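For reference, the structure discussed in these notes is given below.
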Amino acid sequence: MTDKQLPTDIATPVSTIAPDLPIAFIGGGNMASAIMGGLIRQGMDPTRIDVVEPFEETRERLARELGVTAQPTPGPALARAAVVVWAVKPQVFGEAAAPVAPLTAKALHLSVAAGIQSGTIAAWLGTERVVRAMPNTPALVGQGMTGLYAREAVSQAQRELVEQLLSATGRLAWMQAEAQLDAVTALSGSGPAYVFYFLEAMTQAGVDMGMDEAQAYQLAVATFSGATALAAQSSEPASVLRQRVTSKGGTTYAALSSMEQDGVKPSFVKAIRAAEQRARELGEEFGR
């Protein structure tokens, strides 16, 4: 795939990753753990995974749940890494990169940090072999959606390696331009929170109408799950699917008419654009 091709969803990896490939993680939080867990399920030897994680509680969890030994600070072991996964907060990326860069100049670097531009990462690390990824939290249960962007120095083989690394987290899509990752951040990166927000509202409505909270929540979650499964399997756009359950003068029509009158759709679009703007600001703020 070249940078000029359209973004492409990837359902399965080309092949499983080599179990003895040395990989390093800078940061061992939830997203890093999701990737590590997927690799170990594919047959990766946990002793081939080096992790730098400053928090003792997180290091203990990684050892207990995944059998991975993490160190509080970077050490010489990082020099063996073929791939380095950056799973740190944007505001500490630059500081974390300084001691790691001299040890990992020959590695492929994959960043899941929001906002930080690949050019900034390349400058911090002293290499052009940089891929940015924008995952979302459903990756924790293998149902994630991750947007990817690779700098020109990243080879096709290295792109495929990234696909194999992330395959257990869900679906993947390569972006043509790095700026599109801000849109990915706003749409799918932050998107689970929008779903949870609507689940809260639907649950509250159920309670207001006399249901108990657990029952209302169960109905709301099952409705979202079923509707998204239907949309994923259908070749028709969401607008057509919506129209099929909206009879003029019926209950759905009443609900949607109320939302239209309140400007829910344009307000929702505006909110997502606000998230996109904030993604750009993060890159500018922490990428200096």
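A few points about this structure:
- Residue satisfying all of: in segment 27-61; in a helix (DSSP H, G or I) and β-branched (Val, Ile, Thr); modelled with the highest pLDDT among these: 58
- Residue, farthest from residue 18 (Cα to Cα), within segment 159-187, restricted to residues that are among the hydroxyl-bearing types (Ser, Thr, Tyr) and assigned by TED's automatic domain parsing to the domain that holds residue 115: 169
- For segment 18-30, the set of residues classified as among the hydrophobic types (A, V, I, L, M, F, W, C) and crowded, with 23+ Cβ neighbours inside 10 Å consists of 23, 24, 25, 26, listed by residue number.
Residue-by-condition table, conditions (1) free of Cβ contacts under 8 Å to residues at least 40 places away in the same chain; (2) assigned by TED's automatic domain parsing to the domain that holds residue 33; (3) under 17 Å from residue 268 (Cβ atoms); (4) in contact with a helix residue (DSSP H, G or I) (Cβ under 8 Å, 6 or more places away or on another chain):
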position	(1), (2), (3), (4)
137	no, yes, no, yes
145	no, yes, no, yes
153	yes, yes, no, no
157	yes, yes, no, no
200	yes, no, yes, no
207	yes, no, no, yes
214	yes, no, no, no
229	yes, no, no, no
238	yes, no, yes, yes
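- Selection of first residues in segment 164-175 that are within 9 Å of residue 142 (Cα to Cα) and of second residues that are assigned to a strand (DSSP E or B), restricted to Cβ pairs under 7 Å at least 6 apart or on distinct chains, gives the following pairs, ordered by first then second residue: 169/144; 169/146; 170/144; 170/145; 170/146; 171/9; 171/10; 171/145.
- Failed item in (1) closer than 15 Å to residue 202 by Cβ; (2) modelled with pLDDT under 95, with residue 279 passing the rest: (1)
- Among all residues of segment 242-250, there is at least one that is over 30 Å from residue 94 (Cβ atoms), in contact with a helix residue (DSSP H, G or I) (Cβ under 6 Å, 6 or more places away or on another chain) and not polar (S, T, N, Q).
- Residue satisfying all of: in segment 104-128; touching a Gly at 6+ places or on another chain (Cβ under 6 Å) and part of a loop (DSSP other than H, G, I, E, B); surrounded by the fewest Cβ atoms within 10 Å (Cβ to Cβ) among these: 105
- All of (1) more than 21 Å from residue 130 (Cα to Cα); (2) crowded, with 19+ Cβ neighbours inside 10 Å; (3) in contact with a Phe, Trp or Tyr (Cβ under 9 Å, 6 or more places away or on another chain); (4) not small (Gly, Ala, Ser) hold for residue 72 with one exception: (2).
- Residue-level analysis places residue 141 among those that are β-branched (Val, Ile, Thr) and surrounded by fewer than 21 Cβ atoms within 10 Å (Cβ to Cβ).
- Boolean, residue 148 is outside any helix (DSSP H, G or I), within 14 Å of residue 84 (Cβ to Cβ) and either touching a Pro at 6+ places or on another chain (Cβ under 7 Å) or at pLDDT 95 or above (or both): no
- Some residue of segment 106-121 being touching a helix residue (DSSP H, G or I) at 6+ places or on another chain (Cβ under 6 Å) and either among the charged types (D, E, K, R) or over 27 Å from residue 152 (Cα atoms) (or both): no
The values are calculated or read from the model by the stated rules, or taken from the named source; none is laboratory data. In this text, all values refer to a predicted model and were calculated from it rather than measured experimentally. All Cβ positions, glycine included, derive from the backbone under ideal geometry; neighbour counts span all protein chains shown.
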